[in-house]
Amino acid sequence: DVTEALTLDAAGKTAEAIARLEALAETLDGEAHYHFLLAGLLDKDARRLDALQHALRALALDPRYAGEAGLHELAQQGLLEPSTVASAALLLERVLDAPLAESLVRFILEHTRSVTTPRRVRDLLAGLGLLDTVPERFRLPLLVITDEECEVRKALLAEIAARPDAGMAPYLARFKAESGCGSNRRRDCWPCERVALREALAAVDAAAAGE
């Protein structure tokens with residue numbers, strides 16, 4: 001039964017615990033907690049896509065699981081892999097609130113150098129009306145990274161320069177290098193907004209030095 005499966009997991013036999021739970025599917029498929037437990041074990045066993053599917057099933061059966069930190073972490077980690085990003089985004093749509101929105105943006109800024117995933121997060125939060133609830137120290141760097149228009153990015157950088165926050169420094173570090181693009185990797189990746197970048201970076205660095 002479920003207790004035996006958890007005992008197996010506690011003994012380091014996670015794969016056996018999963019097999020034991022999966023054998024109970026016909027009996028327990030309608031139980032949210034069953035799917036919640038199985039999601040945790042599958043994630044622990046590096047089967048994240050399967051874990052996300054069970055997490056979604058748990059939420060469908062009982063929306064109260066939206067508050068579970070384990071599901072939040074599962075969804076965030078799922079955003080980092082192409083094979084799980086769609087399921088992770090679907091899970092996030094069902095659990096996001098203002099505190100989690102802040103945590104999500106911070107996580108993405110700290111764990112990926114891509115633009116695609118931050119854009120997905122931006123659009124997800126905007127669609128849910130949560131983007132403006134994210135504090136500026138995370139929201140403004142996210143928008144600078146993700147906006148497609150140079151003039152918009154320059155306006156955002158001007159906001160950062162006007163209200164520098166030392167906490168932005170690690171999230172803007174990717175913009176410091178003035179080379180790295182082009183066939184010889186010597187071209188500036190951000191030529192249009194380089195002047196605005198220098199001003200914003202200098203203001204944030206000064207704020208950090210003054211703390």
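The table for this structure:
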item: The range 164-177, subset in a loop (DSSP other than H, G, I, E, B) and modelled with pLDDT under 95, residue most open to solvent (accessible area, probe 1.4 Å); result: K176
item: Residue within the range 178-194 that is within 25 Å of the chain's Cα centre (by Cα) and open to solvent by 60 Å² or more (accessible area, probe 1.4 Å) present; result: no
item: Subset of the range 52-94 that is more than 18 Å from L37 (Cβ to Cβ) and outside any helix (DSSP H, G or I) - its residue that is most open to solvent (accessible area, probe 1.4 Å); result: P82
item: Residues being open to solvent by 60 Å² or more (accessible area, probe 1.4 Å) and in contact with a helix residue (DSSP H, G or I) (Cβ under 7 Å, 6 or more places away or on another chain) - total across the range 196-211; result: 3
item: Meets criteria (touching a Phe, Trp or Tyr at 6+ places or on another chain (Cβ under 6 Å), at pLDDT 95 or above and either over 30 Å from E73 (Cβ atoms) or not polar (S, T, N, Q) (or both)) for R106; result: yes
item: The range 1-15, subset open to solvent by less than 70 Å² (accessible area, probe 1.4 Å) and touching a residue at least 12 places away in the same chain (Cβ under 8 Å), residue nearest to E26 (Cα to Cα); result: V2
item: Single match in I18, I108 (criterion: surrounded by 15 or more Cβ atoms within 10 Å (Cβ to Cβ), among the β-branched types (V, I, T) and in contact with a Pro (Cβ under 7 Å, 6 or more places away or on another chain)); result: I108
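Yes/no per residue for (1) of a type in the set (D, E); (2) in contact with a helix residue (DSSP H, G or I) (Cβ under 6 Å, 6 or more places away or on another chain); (3) within 26 Å of P191 (Cβ to Cβ); (4) open to solvent by 30 Å² or more (accessible area, probe 1.4 Å):
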site	(1), (2), (3), (4)
S114	no, no, yes, yes
A126	no, no, no, yes
D132	yes, no, no, yes
P141	no, yes, yes, no
T146	no, yes, yes, no
E149	yes, no, yes, yes
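The values are calculated or read from the model by the stated rules, or taken from the named source; none is laboratory data. Only a predicted model underlies this, so the values are computations on that prediction, with no experimental measurement involved. Note: ideal-geometry Cβ built from the backbone for every residue, glycine included; neighbour counts use all protein chains shown. Keep in mind that these areas ignore ligands, DNA and RNA; they rest on the heavy atoms of the full protein, side chains included. Shrake-Rupley method; radii C 1.70, N 1.55, O 1.52, S 1.80 Å.
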